[in-house]
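The structure appears below as structure tokens.
What follows draws every value from the coordinates through simple rules; no lab data is involved. Predicted model only: the values in this text are computed from it and were never measured. Glycine also receives a Cβ, built like all others from the backbone with ideal geometry; neighbour counts cover every protein chain displayed.
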Amino acid sequence: MLLIEISQIPPEGLDVDAPLDPGEVHVEGEESFGLESGGRLRCHVERGDDRTVHVRGDLAARLRLQCGRCLESFEFPMAQDLDLFYLPRRGEQEEEEDEVELKDHEMVVAYYRDERLDLGEMIREQFFLSLPMKRLCKDACLGLCPTCGANRNLTPCGCPPVADARLSVLGNLLDGGSS
Ligand SMILES: [Zn+2]
Ligand SMILES: [Zn+2]
């Protein structure tokens, strides 16, 4: 459903309305996030001149992330309007060396290979682009107690506050997320 044969796109274009399956969008076994059920891609795929392919629509999904402070998993809803142009990639040519110019539009340009467009690959990229810099279950997440390791959102453990500047620096680093 998400793998489109370019030659099969009819002149009037192709409407895609598909649920997101972790296998089809290539995120099975992905360690930095999980995909909850219920995600959906709705888009219109059209062939243009010069073998370009235009994809317009929207993508919505719920990703499962791990909080950088308390380490609990939390749901991260993402929604993205799509307006992408695809060009055929010729041989082993690198994107940087491609000299194709699209005069009318300064838009996101991507490439398809072997006469096929994998919308699953596009979706996977959109997921990575939408990931927040700071992965927090909530802005006010209290994190783990540095003394006893308890999740302070759930239980005030009663440990005396640690007034150590080095620990707060470490806390900030952890908040930034490492992946
Ligand atoms: Zn948290
Ligand atoms: Zn504690």
- Message: Test of understanding: what is the full-extension gain from V109 to D83, defined as 0.36 nm times their sequence separation minus their Cα-Cα distance?
- Response: 8.4 nm
- Message: Relative contact order for the range 28-67: what percent, with Cα pairs under 8 Å and sequence separation of 6 or more?
- Response: 48
- In nanometres, the difference between 0.36 nm per residue of separation and the alpha-carbon distance of K134 and C157 is 5.8 nm
- Note on the structure: Neighbour-count ranking for M78, M122 (other C-beta within 10 angstrom, fewest to most) reads M78, M122
- Footprinting proxy, V25, V45: sorted fewest to most Cβ within 10 Å, the residues are V45, V25
